[in-house]
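What follows draws every value from the coordinates through simple rules; no lab data is involved. Please read these numbers as outputs of a predicted model, since none were measured by experiment. Counting neighbours? That spans all protein chains shown, and the Cβs are built from the backbone with ideal geometry, glycine included.
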Amino acid sequence: MDKAKKEHQLTVSVSPHIKSEETTSRIMWSVNAALLPATVMGAYFFGPRAVFILAIAIIAAVLSEYIFQKSLNRKISVNDGSAFLTGLLLGMNLPPSVPFYIPIVGSFAAIVITKQLFGGLGFNVFNPALIGRAFLLISFPKLMTIWKEPTAAFIQFDAKTTATPLGILKEEGVAKLMEMFGDNITLYTQLFTGHRAGSIGETSSIALLIGAAFLLYRGYISWHIPVSFLGTAALMAWIFGTKGALFTGDPIVHLLSGGMLLGAFFMATDYVTCPSVRKGQILFGIGCGFLTMLIRLKGGYPEGVMFAILIMNCFSPIIDRGFRTKVFGAKKEIKESKK
Amino acid sequence: MAQANKVNYRELITNGIVKENTIFKLALSLCPSIAVTNNLKNGVLMGVAVLFVQVMVNITISLMRTVIHPKVRLPIFMLVISGWVTVTDLSMAAAVPDVYKQMGLYIQLIVAFASILARAEMFASKNKIAPSMADGIGMGIGFLFALTVISFFRELIGRGSLWGMPIINAKPLLIMILPAGGFFAVGILMALFNWIDVKYLKTKTGGHEESTHECKTTLLTPAGD
């Protein structure tokens, strides 16, 4: 280390001279690692089929990135882990019972249409994994909403289909949810461990929180987006959660169900598609939370995290412009032109 | 007037199809290219309607070009265009009533097509009848070609059928017949068209003296305009 430092001091070059240890690929692989607990829990609850779907999504994403870059003579950047991450996130957002061609179509849409056609990593307007999922949800509305009942055994033979907690909440109300899960405490613990129907990677809140804590500790994500996202959603759920009465909703059910945690910690915080100014990030998070709850409570879909994040993605550049940081030493513009 | 003898009709026609293709090159009239192309039949009929209107408008304007006062030329162009659109509209309503029910509104919208007014203004009002007709045919065929290609892929992928007949026996990608898929199809085919043009046809894009090599590099740079 010492020797390297000395050599560094003797190098004559243009600035910057101090470089961070962090690289894109290091951050991307860390995010992949942070998703590992949730992946394991998904595999545990939904069986080997879920693992196959994740694997197919990842392989399809990496392959389409490789083939696209190869055919356009671009620099091959599959090793940086971003395509792997897109595939993994897409797979985690799919129901465990989808046919195997679905993750392939989704990964293709995510990587080629959303990411590479816009110029590759860093130039995409929207979160690739979410566009992949939106593409699939709109293309195959039936297949994408068949939910399997989770089983604690890894190998299972008779997979029952059921509705997600949010689906029940939307169709039949909170009373039915309580009837299914027993009391409040069981409901919360089931939601917390992930023993519920849903997409492969979104169910286990505890596993997602462990991954998120790792990312926060390493400083790869900041608290601004997740806190404002979840805070706004909780507030909305509390105020408007029950029909006909204000301030009686159950924010915990809303926070722990659906893709809320996965979205808030792992997808809204995507570096490329969220604002880079802190104040702007808070506004971005508030927008995401508001739109999510608006779709959940008033919209046609039971879950709104995906569309909320995608809609806010479009506003990122405008938010960044609105909260532009003051340039050091620059004076305020003098508005005298009106005279 | 000696110039008139040298008119290259072949160039006039291919100009509209490749070099100044309304949709793929000029990116004009994108509204119908997304709205009516979710099946091949509608796409082709729309293209034919536009071809007819474009040719007839060009001929009429070219005939009238010496009597139109420059100050009122735009209202007169619009009158001529809406006249021919009405003719098309009513004939389609009579000939193909079932298709007309689906896309009648868009036939009437041909009035507002920038491409038709632009050709009337830029070409037909300054040229003789025969070249104007050739230009109209080229532009119309270019538009018809673009709409046919877009609707071909959208119906094939989005419904698994062509001209209403089932072709592929697999679950179709529903998004392709929805408006969002229209944007995908138009964008990707536009990129493909330009790529083929740069690579094989090598038409020089309007006015700029670019070498094909330069075109190639701009195409390959990430996030190039």
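Inter-chain Cβ neighbour count for B:174-182, averaged per residue, equals 3 (cutoff 10 Å, partner chain atoms only). When Rg and the Kirkwood radius Rh are both evaluated on Cα atoms of the protein assembly as shown, their ratio Rg/Rh stands at 1.05. Taking the square roots of five times each eigenvalue of the Cα gyration tensor of segment A:206-261, the equivalent ellipsoid has semi-axes of 27, 12, 6 Å, listed largest first. Once backbone amide H atoms are built at 1.01 Å from N, residue A:147 has A:162 as its partners under 5 Å, excluding neighbours fewer than 5 places away on the same chain.
Averaged over B:165-171, how many beta carbons belonging to a partner chain fall within 10 Å of each residue's beta carbon? Mean shielding count: 1.
The residues B:37, B:66, when put in order of fewest to most other Cβ atoms within 10 Å, stand as B:66, B:37.
Using the Cβ-Cβ distance between residue A:40 and residue A:185 with R0 = 25 Å, the FRET efficiency computed as 1/(1 + (r/R0)^6) comes to roughly 0.50.
Taking chain A as a Gaussian network of alpha-carbon nodes connected by springs under 10 Å, the highest mean-square fluctuation of the residues A:120, A:194, A:304 belongs to A:120. Per-peptide packing, taken as the mean over residues of other Cβ atoms within 10 Å, places A:321-329, B:7-15, B:132-140 in the sequence B:132-140, B:7-15, A:321-329 from highest down. Each of B:23, A:311 has some number of other Cβ atoms within 10 Å of its Cβ, and from fewest to most they run A:311, B:23. Taking the empirical scaling 2.2 N^0.38 Å for compact globular proteins as reference, segment A:54-150 has a Cα radius of gyration ratio of 1.04. Summing +1 for each Lys or Arg and -1 for each Asp or Glu among the other residues whose beta-carbon sits under 15 angstrom from that of residue B:70 gives +3.
A Förster radius of 45 Å combined with the Cβ-Cβ distance from residue A:216 to residue B:165 puts the calculated FRET efficiency at roughly 0.20. Under the combined filter of DSSP loop state and at most 15 neighbouring Cβ atoms within 10 Å, segment B:122-189 retains these chymotrypsin sites (Phe, Trp or Tyr not before Pro): B:163.
For the listed peptides B:57-63, B:174-180, a ranking on the average number of other beta carbons within 10 Å per residue, highest first, reads B:57-63, B:174-180. On the beta carbon distance between residue B:11 and residue A:146, with R0 = 45 Å, the FRET formula returns roughly 0.20. Summary value for segment A:98-214: 17 percent relative contact order, contacts being C-alpha pairs under 8 angstrom separated by 6+ residues.
The label-point distance for residue B:35 and residue A:325, in a model that sets each label 7 Å from Cα toward Cβ, rounds to 4.7 nm.
Residues in segment A:282-299 carry Karplus couplings, in order, of 5, 4, 4, x, 4, x, 4, x, 5, 5, 4, 5, 4, 5, 5, 8, 10, x Hz; the curve used is 6.51 cos²θ - 1.76 cosθ + 1.60 with θ = phi - 60°, and Gly or Pro positions show x. Taking amide H positions as modeled 1.01 Å from N, with prolines and chain starts lacking one, the residues under 5 Å from residue B:162 and 5 or more places away or on another chain are B:167.
If a/c stays under 1.5 just call it rounded; otherwise compare a/b with b/c (prolate if a/b is bigger, oblate if not). Do that for segment A:208-311, with a ≥ b ≥ c from the square roots of the Cα gyration tensor eigenvalues.
prolate
Per residue, the convex hull spanned by the Cα atoms of segment B:1-139 measures out at 105 cubic angstrom. Taking 0.36 nm per residue of separation and subtracting the current Cα-Cα distance, fully stretching the chain between residue B:188 and residue B:105 would add 27.2 nm.
Placing a pseudo-label 7 Å from each Cα along the Cα-to-Cβ vector at residue B:195 and residue A:248 gives an inter-label distance of 5.9 nm.
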